[in-house]
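Contents: one structure, followed by commentary.
The values are calculated or read from the model by the stated rules, or taken from the named source; none is laboratory data. The structure displayed is predicted, hence computed values, not measured ones. Here Cβ is always computed from backbone atoms with ideal geometry, including for glycine, and neighbour counts include all displayed protein chains.
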Amino acid sequence: MFGGRVIATRIRSARSLSKVFVLTLLLSATLFARVDAATNATQNYLGLQGFALVGDHRDIAGEQHGLGGGVFLEARVGGPRVGFHFEGFPVVSVPQRSSAFYGAATPAVGIVDAAFRYTLDAGGRFTVGLGGVVINQRTPLPNISQVVSSRLTGVWAELVARMPARGSRFYEANLSFAPHLTGTDHFLYSDGSPAVNKPERASVVSASLGFGTRVRSNELVVGLRAVNFSAQFTQTGESADSNAGVGPFLEWRFGRAPAGAQ
């Protein structure tokens, strides 16, 4: 969803990072599952969220409009009030429409965010979270003999509101943001030009509004999700690129707690 340019370092490094997150998630799930077993409560769930975004991408080559999408893996482990929330997908290639400036660019993108969440009220209506986010991307640009890669990291904050409706139905709103991401763009050239590194700062905001229903111990949620990302080169203040999009999402959560957990 950050199409056209880059935001990742080596694929090998991104895969190693993904393995660390997976191991951490499995260990946390095992630990909290034992705690829940002692209290006879199930607070863990695993979810899959498919989404499509319509938006635009801007950089030095101009402006492009298009349609993109993906599938997020989501999970929560913990108790009724305190838990660990994870969301992301591994580095995957995202085909793009050929550009007159870049050629047939195919960016490889990976996004992971994780936060410890605390539910403010006993009814589970309002939750806050704090953690970190990593955005990886690597993009070959054939027309200009260039491959750009970088990794952006920063603090990730979450605000979640969950309001009951009739029966087993509910409304859910989520605002997540990273106001200050930092990293370095690595520009490699196949025409013999020397490599160039440019420090970068960025910010990202993700917001969603959904309507859900509980099906036994599972949940189905449908709604809209919007994402806004912008980046600048630190040394010059020039815009590196910006991406904004909005579109529908559908999420299925397996084994969610009947009440309380977000």
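Anything in region 164-189 that is among the aromatic types (Phe, Trp, Tyr), within 27 Å of Ala115 (Cα to Cα) and over 15 Å from the mean Cα position of the chain (by Cα)? List them, or say none. Quick ask: steps written out before the conclusion?
Filtering region 164-189 for residues among the aromatic types (Phe, Trp, Tyr) gives 170-171, 177, 187, 189.
Then drop every residue that is not within 27 Å of Ala115 (Cα to Cα), which leaves 170-171, 177.
Phe170, Tyr171 - these are the residues of region 164-189 that are among the aromatic types (Phe, Trp, Tyr), within 27 Å of Ala115 (Cα to Cα) and over 15 Å from the mean Cα position of the chain (by Cα).
Within region 190-213, can you find the residues that are surrounded by 14 or more Cβ atoms within 10 Å (Cβ to Cβ) and over 24 Å from the mean Cα position of the chain (by Cα)?
Correct list: empty.
Tally time: how many residues in region 161-174 are at pLDDT 95 or above and surrounded by 19 or more Cβ atoms within 10 Å (Cβ to Cβ)?
1
Can you find, within region 214-231, the residue that is nearest to the chain's Cα centre (by Cα) among those that are more than 14 Å from Phe170 (Cα to Cα) and in a strand (DSSP E or B)?
Selected residue: Val227.
Does Val155 count as part of a strand (DSSP E or B) and surrounded by 15 or more Cβ atoms within 10 Å (Cβ to Cβ)? Before you say what the answer is, go through the steps one by one.
On the way: part of a strand (DSSP E or B): yes; surrounded by 15 or more Cβ atoms within 10 Å (Cβ to Cβ): no.
No.
Here is a yes/no grid of residues against (1) buried (at least 19 other Cβ atoms within 10 Å of the Cβ); (2) modelled with pLDDT of 80 or more; (3) not in a strand (DSSP E or B):
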| position | (1), (2), (3) |
| --- | --- |
| Arg97 | no, no, yes |
| Val112 | yes, yes, no |
| Ala122 | no, yes, yes |
| Val147 | no, yes, no |
| Ser150 | yes, yes, no |
| Ser176 | yes, yes, no |
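Within region 125-137, track down each residue that is surrounded by 19 or more Cβ atoms within 10 Å (Cβ to Cβ), out of contact with any His (no Cβ under 9 Å at 6 or more places or on another chain) and not polar (S, T, N, Q).
Val133, Val134, Ile135
Might you check whether a residue that is of a type outside the set (D, E, K, R), on the phi > 0 side of the Ramachandran plot, buried (at least 16 other Cβ atoms within 10 Å of the Cβ) and modelled with pLDDT of 75 or more occurs anywhere in region 51-69?
Within region 51-69, not a single residue is of a type outside the set (D, E, K, R), on the phi > 0 side of the Ramachandran plot, buried (at least 16 other Cβ atoms within 10 Å of the Cβ) and modelled with pLDDT of 75 or more.
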